[in-house]
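**Student:** One structure, pasted below without further comment.
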Amino acid sequence: MFKVNENYLKLQGSYLFSNVGKKVHTYQAENPDKKVISLGIGDVTQPLVPSVIEAIHKATEEMAVKETFHGYSPDLGYEFLRSAIAKHDYGKRGVEIALDEIFISDGAKSDSGNIGEIFSVDNKIAVCDPVYPVYVDSNIMAGRTGEYDALTGKWSNVIYMPCTKENDFAPQLPKETPDIIYLCFPNNPTGSAVTRDELQKWVDYANQVKAVIIYDAAYEAYISQQECPHTIYECEGAKTCAIELRSFSKKAGFTGTRLGFTVIPKELVSDGVMLNQLWARRHGTKYNGAPYIIQRAGEAVYSEAGQKETKAQIAYYMNNARVIREGLKSYGYSVSGGVNAPYIWLATPNGMKSWDFFDELLTKANVVGTPGSGFGPSGEGYMRLTAFGTYENTVEALERIKNL
Ligand SMILES: *Cc1c(COP(=O)(O)O)cnc(C)c1O
């Protein structure tokens, strides 16, 4: 008789975005004349830039001709893309990453969800709270998280690192020693970033306790402050303790196009075993590569024109972030984020519950946010707003919040 993976039965319903959707739908149905503006979207809205579209067209034409047709891609991804990554994302920042340390994939969600496969189920994970839900859920599926306590909203075998106003949304080194540490900077959902010096402390700590850091740098391209590292490998010693995840989704609007990569340095070793080789084996066995056309599109992001165009797109979103952050501040709200990330994290007024404030925003201002409590127990009392809307809608949403 077949048996299911019972770990899946432990998963808590992910009601966050479906609840948001339902509430908005109901409100809109009852108030058809109201124009609801969403600052809740965690997805880009601007089209792919011209250089990328051009590369997609060109690669598509190649696929139509016998001489230039491409079948399966090499296991790690095409060298033209890995070279561009090694040069632009690392070399230019003084970091040497070898081509066989870069694994091209279809994005950082799959990589962050799959990376746990190369680690023993006995490892104890540490996560920020609030957190990008994939890190926790993929570990629940693997059977690594223990039991759920509905009262606290926490798993018995997970180390939570609260990120709240009290610590300026920066996780503190945990008291209990973890084996695997998930860090995401610039952060989703809080929008906070880490300085090179602060991140160096994490790298030193991980090397000292022999933990591995899984570093999600999906929002690296949104960094505006000099003191914030674009890659964890800017920190000394990171190659012996850190795996870095990257994505083209927020960097170049590839959320529907799908492209990302993972870096695993060969120096990253556990008991004489190179994690790089385990991931290479996993990649080769379970994955057949991102499409040739899309890898060419990714290469175009690094062309001179591609860099200019994607930078302009990010500047557009970050101008929205500025409008939200400065607007809210001037109305007396307590806000963070929005400087190195497209997310603004806002403390609800008068200690309101996240969902109560969500209802108030929706019904009184016709603006949609994402309740912070959906990202973890320490997110209660906060709301996430995103800069991914249009400038016009963002300005109008802020005008409405002003009049609340
Ligand atoms: C959006 C996002 C990603 C990117 O995922 P893709 O699968 O590459 O689209 C990764 N991590 C975080 C924290 C994100 O918010």
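The values are calculated or read from the model by the stated rules, or taken from the named source; none is laboratory data. Keep in mind it's a predicted model, so treat the numbers as computed, not measured. Here the Cβ is made from the backbone with ideal geometry for all residues, glycine too, and neighbour counts use every protein chain on show. Protein only, heavy atoms only, side chains kept; ligands, DNA and RNA dropped before computing areas. Shrake-Rupley method; radii C 1.70, N 1.55, O 1.52, S 1.80 Å.
**Student:** Hey, if we sort Met161, Met274 by accessible area with the 1.4 Å probe, largest down, what's the order?
**Tutor:** On the way: Met161 5, Met274 50 Å².
The ordering from most to least exposed comes out as Met274, Met161.
**Student:** Among the lysines in the range 1-99, how many pairs, 8 or more places apart or on different chains, have alpha carbons under 22 Å apart? It would help to have the intermediate numbers written out before the result.
**Tutor:** Working: Lys22/Lys34; Lys22/Lys35; Lys23/Lys34; Lys23/Lys35; Lys58/Lys66.
Final tally of qualifying lysine pairs is 5.
**Student:** So, one more: Can you put His25, His70 in order of accessible area, largest first, using a 1.4 Å probe? Don't jump to the answer; show the numbers that get you there.
**Tutor:** Values: His25 135, His70 50 Å².
Result, largest first: His25, His70.
**Student:** Between the range 330-365 and the range 213-244, what's the alpha-carbon centroid distance in Å?
**Tutor:** 28 Å
**Student:** What does the charge dipole of the chain about its Cα centre add up to, to the nearest 20 debye, if the Cβ of each Lys and Arg holds +1 and the Cβ of each Asp and Glu holds -1?
**Tutor:** On the way: 41 positive and 48 negative charges, 110 e Å.
The dipole magnitude comes to about 520 debye.
**Student:** In the Gaussian network model of the chain, springs joining C-alpha atoms below 10 Å, which of Ile314, Ile41, Ile214 carries the largest mean-square fluctuation?
**Tutor:** Ile41
**Student:** Hey, could you grab the Kirkwood Rh for the range 149-263? Inverse mean 1/r over distinct alpha carbon pairs, Å, one decimal. Kindly include the intermediate steps, with their values, before the conclusion.
**Tutor:** Details: mean 1/r = 0.0662 Å⁻¹.
In the range 149-263 this quantity evaluates to 15.1 Å.
**Student:** Could I ask something else about it? In nm, to one decimal, how far is the modelled label at Lys92 from the one at Tyr72, with both set 7 Å along Cα→Cβ?
**Tutor:** The answer from the label model is 3.4 nm.
**Student:** If DNA, RNA and ligands are ignored and the probe is 1.4 Å, what is the ranking of Glu236, Glu380, Glu176 by accessible area, most exposed first?
**Tutor:** Values: Glu236 150, Glu380 70, Glu176 90 Å².
Putting Glu236, Glu380, Glu176 in descending order of accessible area: Glu236, Glu176, Glu380.
**Student:** When a/c is below 1.5 the answer is rounded, else prolate if a/b is larger than b/c, else oblate, so apply that to the chain with a ≥ b ≥ c taken from the square roots of the Cα gyration tensor eigenvalues.
**Tutor:** oblate
**Student:** Accessible area per residue for the range 1-98 in Å², computed with a 1.4 Å probe and the full protein assembly in place, what is it? Mind showing how you got there, number by number?
**Tutor:** Details: 6630 Å² over 98 residues.
On a per-residue basis, the range 1-98 sits at 68 Å².
**Student:** In the chain, which whole DSSP H runs stretch at least 30 Å along their own axis (Cα) and average 0.5 or higher on the Kyte-Doolittle scale?
**Tutor:** Long hydrophobic helices here: none detected.
**Student:** Give me the percent of DSSP beta bridges within the range 97-205 that run antiparallel, rounded to the nearest 5. Let's see the in-between values first.
**Tutor:** Working: 2 of 9 bridges.
Taking every DSSP beta bridge with both residues in the range 97-205, the antiparallel ones total about 20 percent.
**Student:** Continuing with this model, one more query. Just to be sure I understand: with springs between alpha-carbon atoms less than 10 Å apart, which residue in Asn188, Asn123, Asn139 has the highest mean-square fluctuation in the Gaussian network model of the chain?
**Tutor:** Residue with maximal mean-square fluctuation among Asn188, Asn123, Asn139: Asn123.
**Student:** While we're here: Of the residues Thr145, Thr45, Thr285, which exhibits the maximal mean-square fluctuation in a Gaussian network model of the chain defined by a 10 Å Cα contact cut-off?
**Tutor:** Per the Cα network of the chain with a 10 Å cutoff, Thr285 tops the list.
**Student:** Tally up the carbon and sulfur contribution to the accessible surface of the range 251-404 as a whole percent, 1.4 Å probe, everything protein left in place. Could the numbers behind the result be given before it?
**Tutor:** Details: 3020 of 6070 Å².
So the carbon and sulfur contribution to the accessible surface is 50 percent.
**Student:** The range 252-383: Rg/Rh from Cα coordinates, Kirkwood Rh?
**Tutor:** Working: Rg = 20.9 Å, Rh = 18.7 Å.
Rg/Rh for the range 252-383 comes to 1.12.
**Student:** Something else about it: I'd like the distance separating the alpha-carbon centroids of the range 144-189 and the range 27-88, in whole Å.
**Tutor:** About 32 Å separates the Cα centre of the range 144-189 from the one of the range 27-88.
**Student:** Summing Lys, Arg as +1 and Asp, Glu as -1, what charge do residues with Cβ under 11 Å from the Cβ of Pro171 carry, Pro171 excluded?
**Tutor:** Details: positive: Lys201; negative: Asp129, Asp168, Glu198.
Counting the neighbours of Pro171, the net charge comes to -2.
**Student:** Around Tyr233, what is the net charge, scoring Lys/Arg as +1 and Asp/Glu as -1 over all other residues with Cβ under 15 Å from its Cβ? All intermediate terms of the calculation are to be shown ahead of the outcome.
**Tutor:** Working: positive: Lys87, Lys92, Arg93, Arg196, Lys239, Arg246, Lys266; negative: Asp89, Glu96, Glu101, Asp204, Asp216, Glu220, Glu234, Glu236, Glu244, Glu267.
Neighbour charge sum, excluding Tyr233 itself: -3.
**Student:** Name the residues of the range 147-189 whose amide N is less than 20 Å from a point 7 angstrom out from the Cα of Asp122 along the C-beta direction?
**Tutor:** Those under the cut-off are 147, 156-159, 176-181.
**Student:** Same structure again: Just to be sure I understand the model, the point goes 7 Å from the Cα along the line to the Cβ. What's the resulting Lys286 to Glu147 distance in nm?
**Tutor:** If labels sit at Lys286 and Glu147, their model points lie 2.9 nm apart.
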